[in-house]
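First the structure, in the form of structure tokens, and then the observations on it.
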Amino acid sequence: MTTNVSEKQARQVAEAAREAEWRKPSFGKELFLGRFRLDLIDPWPSAEARPDAEDFLGRLRDYARDEIDGAQIERDARIPDEVFHGLARLGAFGMKIDREYGGLGLSNLHYCKALTLVGSANPSIGALLSAHQSIGVPQPLKIFGTPEQKKKFLPRLAGGEVSAFLLTEPDVGSDPARLGTVAEPVEGGFRLNGVKLWATNGTVATLLVVMARVPGKGITAFVVEGDAEGITVERRNEFLGLRGLENSVTRFHDVFVPSENVIGGLGKGLKIALTTLNTGRLSLPAMCVGAGKWSLNVAREWSADRVQWGRPVGQHEAVAKKLSFIAATTYAMESMLDLCCLIADDDRNDIRIEAALVKLFASEMAWQVADELIQIRGGRGFEKADSLEARGERSAEAEQILRDLRINRIFEGSTEIMHLLIAREAVDAHLSVAGDIIDPDAGLGRKARAGARAGAFYAKWLPTLAVGRGQAPNGYAEFGPLAGHLRYVERAARKQARSTFYAMSRWQGKMERKQGFLGRIVDIGAELFAMSAVCVRARAERDLHPEGLELADAFCRQARLRADALFAALWDNTDDIDVRVAKRAMAGRYAFVEDGIITHPSEHAWVAAWEPGPATVEDVRRRIPPAPEG
């Protein structure tokens, strides 16, 4: 059961949920406008001294090393009860919850370092804690909850109860306008009916954030007790990776939710979800950074130890290039993440674009890092860790890390959706002054006023794209050997902005369908942001880690090649023909290509339909028993 909406209606729902105003400066927003505002990130922001946080990280490291058996979690596809208890004793379920409610009140920086650390023991644990705190009940309540809601729910969650976020439905993914779950007003509250898919932590959660449509009011966020009457966990889903993930299909049948459990007001659900994700997205790249560090460790030691043709394999250029890529890219991912965390913590900048960029960049690059690790390891990279150990070799879970990382290109906004989301923010300044010109529903008066606004804006803006500091031979000289890379970033930012303006002039209202172009513009922006982050970090840490300058230089040289290729592909590509071929393929024109194989037809639909009503299957929820006393 889903709601049928038009493409226009879907866009309107998404647009209404956007945070439209820019109250604080944004490095990312300025970058896409061709303004290289290095002053917004340089000097490198300083972190608040938190001895308590450092103590927690030390205890978490000891616990993860000594008590978490990642191989056992992988074999059993289950995080043991004792690990839930151990993490609860440490306070890991309350890392982002303020201390007045029993949490640790960690900064974004220390929280992400904790996820990087514990995710390296087993990525499913990182996903458990991230889904619980970054998008589960704690974060929406921290930003939008009432004092009463915080007092009621946050101490429970800080103490070890688990939360989950339920938005996706069997036929609704990144198009929430079609949401089918309904919260019907009744005396004292709402009656909830619907089915939710892919709820991370859904089988173990005792508190849920549920997105549902309130008739006449819009999509609304509710805190729902996981054991409320009428809730059935119909199944635990199984995946390619993250085998320890507790992920559910959950049915709601006439579930009563009291009015005081509405978060942020009726119709505010999508805005709450998007705002929560501004910083919530930082948790995913934290685990990508952990995977990159782990991959670098394995690749480095293996490449030095394995000898072929009379030399360690890492000395052969074909392997050396891969090792260089892994080292430089891991350094860049960590630089971007730390920078985003620090500017989120000092709360001076708007990081919605930067957080989205690091999620996009880290999820894509970490996957490539793991893929290159497997290639470096050869047959041993394809072999499971247990199999390696069984025949007397040192185990390394390379194939597992590849499987575990793959979902990050889909979690919390697929790469394709992230491209569109970031692109919308990147062209916001243009749409705010000229949007009515290309809006078919705008009358002549609105179009005329928009034309005047656009004329004034572009008369002032376009000349700034002609020349800049990046053209001066001594530009950014204070960065020493990295100065040339920052000059490139400044020039490329202006070039990117000119390309965007030209594309908008050329395609106007059809621009939103040019997803190939928009994706490349966003990817260029991600590379430029990464280059900026590594240069600023390397300079800030030059006394502590002078070798960081070498990694920053290597990364920037690699990134410039990728950015140049993206610039070339803006105008020299196969996008139009690809769209035509895809339409013909879907129509069956090329079905002959499939001849000669055995296919497996099924009676089931590609997307399962659902109807409101009581569950017809057994409840498979898992409840973590209390920790034994003593």
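Observations, loosely collected:
- Of the residues screened, Gly226 is not one that is open to solvent by less than 20 Å² (accessible area, probe 1.4 Å) and at pLDDT below 95.
- Qualifying residue in region 503-516 (condition: modelled with pLDDT of 95 or more and either closer than 30 Å to Pro546 by Cβ or open to solvent by less than 70 Å² (accessible area, probe 1.4 Å) (or both)): yes
- Any hit, region 14-24, residues being at pLDDT 95 or above and either more than 26 Å from the chain's Cα centre (by Cα) or in a helix (DSSP H, G or I) (or both): no
Conditions (1) within 25 Å of the chain's Cα centre (by Cα); (2) among the small types (Gly, Ala, Ser); (3) more than 22 Å from Ile351 (Cβ to Cβ); (4) at pLDDT 95 or above, marked per residue:
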{"site": "Asp39", "(1), (2), (3), (4)": "no, no, no, yes"}
{"site": "Trp44", "(1), (2), (3), (4)": "yes, no, no, yes"}
{"site": "Ala53", "(1), (2), (3), (4)": "yes, yes, no, yes"}
{"site": "Arg61", "(1), (2), (3), (4)": "yes, no, yes, yes"}
{"site": "Ala64", "(1), (2), (3), (4)": "yes, yes, yes, yes"}
{"site": "Ile68", "(1), (2), (3), (4)": "no, no, yes, yes"}
{"site": "Pro80", "(1), (2), (3), (4)": "no, no, yes, yes"}
{"site": "His85", "(1), (2), (3), (4)": "no, no, yes, yes"}
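- Criterion violated by Asp338 - all others in (1) among the acidic types (Asp, Glu); (2) over 17 Å from the mean Cα position of the chain (by Cα); (3) at pLDDT 95 or above satisfied: (2)
- For region 116-169, a residue qualifies if it is acidic (Asp, Glu) and open to solvent by less than 10 Å² (accessible area, probe 1.4 Å), and exactly one does: Glu169.
- Some residue of region 462-471 being more than 29 Å from Gly516 (Cα to Cα) and either at pLDDT 95 or above or in contact with a strand residue (DSSP E or B) (Cβ under 9 Å, 6 or more places away or on another chain) (or both): yes
- The residue of region 217-274 that is nearest to the chain's Cα centre (by Cα), among those that are under 23 Å from Arg156 (Cα atoms) and charged (D, E, K, R), is Glu246.
- Selection status of Asn297, free of Cβ contacts under 8 Å to residues at least 24 places away in the same chain and assigned to a helix (DSSP H, G or I): yes
- Residues considered: Gln72, Gln139, Gln133, Gln149. Of these, the only one that is more than 19 Å from the chain's Cα centre (by Cα) and within 22 Å of Leu60 (Cα to Cα) is Gln72.
- Those residues of region 373-400 which are open to solvent by 10 Å² or more (accessible area, probe 1.4 Å), touching a Leu at 6+ places or on another chain (Cβ under 8 Å) and either more than 20 Å from Gly292 (Cα to Cα) or part of a helix (DSSP H, G or I) (or both), in sequence order: Ile374, Ile376, Arg380
- Condition check for Gly91: in contact (Cβ under 8 Å) with a residue 12 or more places away in the chain, touching a Pro at 6+ places or on another chain (Cβ under 8 Å) and at positive phi: no
- Of all residues making up region 524-567, the number that are of a type in the set (Phe, Trp, Tyr) and buried (at least 18 other Cβ atoms within 10 Å of the Cβ): 2
- Of all the criteria given as (1) open to solvent by less than 70 Å² (accessible area, probe 1.4 Å); (2) in contact with a helix residue (DSSP H, G or I) (Cβ under 7 Å, 6 or more places away or on another chain); (3) under 30 Å from Ala552 (Cβ atoms), the one not satisfied by Gln471 is (1).
- Test for Leu420: is it open to solvent by 20 Å² or more (accessible area, probe 1.4 Å) and either outside any helix (DSSP H, G or I) or not hydroxyl-bearing (Ser, Thr, Tyr) (or both): yes
- Candidates Ala370, Ala344, Ala320: the one that is hydrophobic (A, V, I, L, M, F, W, C), assigned to a helix (DSSP H, G or I), at pLDDT below 95 and open to solvent by less than 40 Å² (accessible area, probe 1.4 Å) is Ala344.
- Taken together, the residues in region 98-115 that are more than 17 Å from Ile343 (Cα to Cα), in contact with a Leu (Cβ under 8 Å, 6 or more places away or on another chain) and open to solvent by 20 Å² or more (accessible area, probe 1.4 Å) amount to 3.
- Within region 170-203, the set of residues being within 20 Å of Ser130 (Cα to Cα), among the β-branched types (Val, Ile, Thr) and open to solvent by 10 Å² or more (accessible area, probe 1.4 Å) comprises just one member, Thr200.
- Pairs linking a residue in region 394-420 that is more than 23 Å from Gly70 (Cα to Cα) and in contact (Cβ under 8 Å) with a residue 40 or more places away in the chain to a residue that is among the small types (Gly, Ala, Ser) and open to solvent by 50 Å² or more (accessible area, probe 1.4 Å), with Cβ atoms under 9 Å and 6 or more positions apart or on different chains, are Gly413/Ser174; Ser414/Ser174; Glu416/Ser174; Ile417/Ser174; Leu420/Ser174.
The values are calculated or read from the model by the stated rules, or taken from the named source; none is laboratory data. Here the structure is a predicted model, which is why all the values come from computation and not from measurement. Here the Cβ is made from the backbone with ideal geometry for all residues, glycine too, and neighbour counts use every protein chain on show. Ligands, DNA and RNA are excluded from the accessible area calculation, which covers all protein heavy atoms including side chains. Shrake-Rupley method; radii C 1.70, N 1.55, O 1.52, S 1.80 Å.
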